[in-house]
Structures are given as C-alpha cells and as structure tokens.
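The values are calculated or read from the model by the stated rules, or taken from the named source; none is laboratory data. In this text the structure is predicted, and so the values were computed from the model without any measurement. FYI the Cβ positions are ideal-geometry reconstructions off the backbone, even for glycines, and counts take in every protein chain you see. Protein only, heavy atoms only, side chains kept; ligands, DNA and RNA dropped before computing areas. Shrake-Rupley method; radii C 1.70, N 1.55, O 1.52, S 1.80 Å.
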Amino acid sequence: MYSIPVVTPNSAQVLIRWEKAAVPFTVEVPDVNALMLKKINDAIAANPNDWKIPLAVARQYGNDDKWDEALKWADQSIKVKETFQNLSAKAQFLYFAGRKDEAFTVADQAIQRGKSDKVDTSSFEKRLADLKAGKM
C-alpha cells in the first residue's frame, strides 16, 4: 500500500507500506512559480518593447482571480505602450477587484485610446454601459 501524506507546492512525501515495513521518501520538483517568473522575465528582457508579454501574464493572473498581480502586470504593459487592449484589461481587473469607480475611469480611457487607434470598441462600450447601469 502507498500513501502521500504530505504535499507542498514543490514536494510530496510518499509512504510505501508492506506488511510491517514502511519506507518514506520525498519527491521534489523545481519551484514552478519561480521557474515561470524566470521565463517571463527572460521573455521581457528579450523583447522589452513588447507590451503583449506582460498583458498575457496579467490575463493569466486575472484568470486565477489574483487581481493585485494582474493589475501589476497590466500596469507594466501600459508602461511599455498604452493600448485599448491593456487599458480595457486593467479596467476589468479593477472591476472584479471591487474597485468599480477606478474601473469605470480606466474603461473610459480605454475607449478613448481605442477610438484614437481606430479599434472597434463597440462591444466593450456596451458591456461598460450595462455595468454602469447595474445590468450585469
């Protein structure tokens, strides 16, 4: 019989039992978060003017409901180049983080940026109007 009584983000203790004998051992893997962060930082270092890399990271954190991290990365993307995409993403992160007034302000900025860059903002504008009206 075997069991895994202790699990951490980077390791697990495995316990194998056979009759009266028990053999424990630990299986370790690299720090996945540190590895991911190193790959992200390497990609940004190789492409410092690519605003899409930090935006992709921001969206992943947003998918995991980690709003503070998502906002940090969205801001980094905006710092590289302000676009409708990163401003609208930041507005959504702010909204889901419960910072609605800030979200609406950034959403309005996103629409202005999108229109000046000739981006179709119509579906975003409709969602924003519904949010402001309390329909969503």
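Would you point out the residue of the range 66-86, among those that are within 22 Å of Leu35 (Cβ to Cβ) and of a type in the set (Asp, Glu), that is nearest to the chain's Cα centre (by Cα)?
Checked the range 66-86; the qualifying residue nearest to the chain's Cα centre (by Cα) is Glu69.
Taking the range 65-96 only, how many residues are open to solvent by 60 Å² or more (accessible area, probe 1.4 Å) and in a helix (DSSP H, G or I)?
Final tally of qualifying residues: 9.
Restricting to the range 97-108, name every residue that is part of a helix (DSSP H, G or I) and surrounded by fewer than 17 Cβ atoms within 10 Å (Cβ to Cβ).
Lys100, Asp101, Glu102, Phe104, Thr105, Asp108
Could you grab the pairs with beta carbons closer than 8 Å, sequence gap of 6+ or different chains, first residue in the range 26-53 and open to solvent by 90 Å² or more (accessible area, probe 1.4 Å), second one of a type in the set (D, E, K, R)?
Between residues of the range 26-53 that are open to solvent by 90 Å² or more (accessible area, probe 1.4 Å) and residues that are of a type in the set (D, E, K, R), the close pairs are Asn49/Lys81.
Between a residue in the range 76-91 that is farther than 11 Å from Gly114 by Cβ and charged (D, E, K, R) and any residue that is open to solvent by 60 Å² or more (accessible area, probe 1.4 Å) and assigned to a loop (DSSP other than H, G, I, E, B), which pairs come within a Cβ distance under 9 Å, given they are 6 or more apart or on different chains?
Note: pairs meeting the criteria are Lys81/Asn49.
If Ala56 satisfies every condition in (1) over 17 Å from the mean Cα position of the chain (by Cα); (2) open to solvent by less than 80 Å² (accessible area, probe 1.4 Å) but one, which is the exception?
In the conditions (1) over 17 Å from the mean Cα position of the chain (by Cα); (2) open to solvent by less than 80 Å² (accessible area, probe 1.4 Å), Ala56 misses (1) alone.
Taking the range 110-126, which residues are of a type outside the set (Val, Ile, Thr) and buried (at least 17 other Cβ atoms within 10 Å of the Cβ)?
Ala110, Arg113, Gly114, Phe124
Could you count how many residues in the range 1-25 are open to solvent by 80 Å² or more (accessible area, probe 1.4 Å) and under 23 Å from the mean Cα position of the chain (by Cα)?
Qualifying residue count for the region: 1.
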